[in-house]
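K.L.:
Would you mind keeping the following structure in view while I ask a few things?
The values are calculated or read from the model by the stated rules, or taken from the named source; none is laboratory data. Everything quoted here is computed from the prediction, not taken from an experiment. Cβ atoms come from the backbone with ideal geometry, glycine included; neighbour counts cover every protein chain shown.
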Amino acid sequence: PSGKLIGRDGVTEFVNTNEYGEEWQVQPYEDMLFLEARETQFTSCKYPDKKAVANARKLRSAAGFDQLADKACQHLDTIDYALCVEDVMTTGDVGIAAGY
């Protein structure tokens, strides 16, 4: 509820969201969460190309998509609102706001 990115140890606080995501990935020694092993677990995390993401966001913003993102996320508090808008603008999926 605090909005802080806390590690598995319950103490470490992350600022970098990629490091935080890696911290919480299923480790090879842990039981499988899914029915089949998939490529994106643990060692093969793939990050999107930052330039491509920035270009896509600019196109969406120019098309007025930022207003749709704002409307979709307006029900959230300040921290979650910013994260929600970022996710909507990055993915191009307004429906993702319902998950917040």
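K.L.:
Just to be sure I understand, how many residues within region 62-81 are of a type in the set (A, V, I, L, M) and either surrounded by 13 or more Cβ atoms within 10 Å (Cβ to Cβ) or at pLDDT 90 or above (or both)?
P.N.:
Summing the residues that are of a type in the set (A, V, I, L, M) and either surrounded by 13 or more Cβ atoms within 10 Å (Cβ to Cβ) or at pLDDT 90 or above (or both) in region 62-81 gives 4.
K.L.:
So how many residues does region 47-66 have that are within 18 Å of the chain's Cα centre (by Cα), part of a helix (DSSP H, G or I) and more than 16 Å from Glu86 (Cβ to Cβ)?
P.N.:
Within region 47-66, residues that are within 18 Å of the chain's Cα centre (by Cα), part of a helix (DSSP H, G or I) and more than 16 Å from Glu86 (Cβ to Cβ) number 1.
K.L.:
If you don't mind, there's one more thing I want to ask. Pick from region 1-30 the residues that are within 21 Å of Tyr100 (Cα to Cα) and of a type in the set (Phe, Trp, Tyr): which of them is nearest to the chain's Cα centre (by Cα)?
P.N.:
Tyr20
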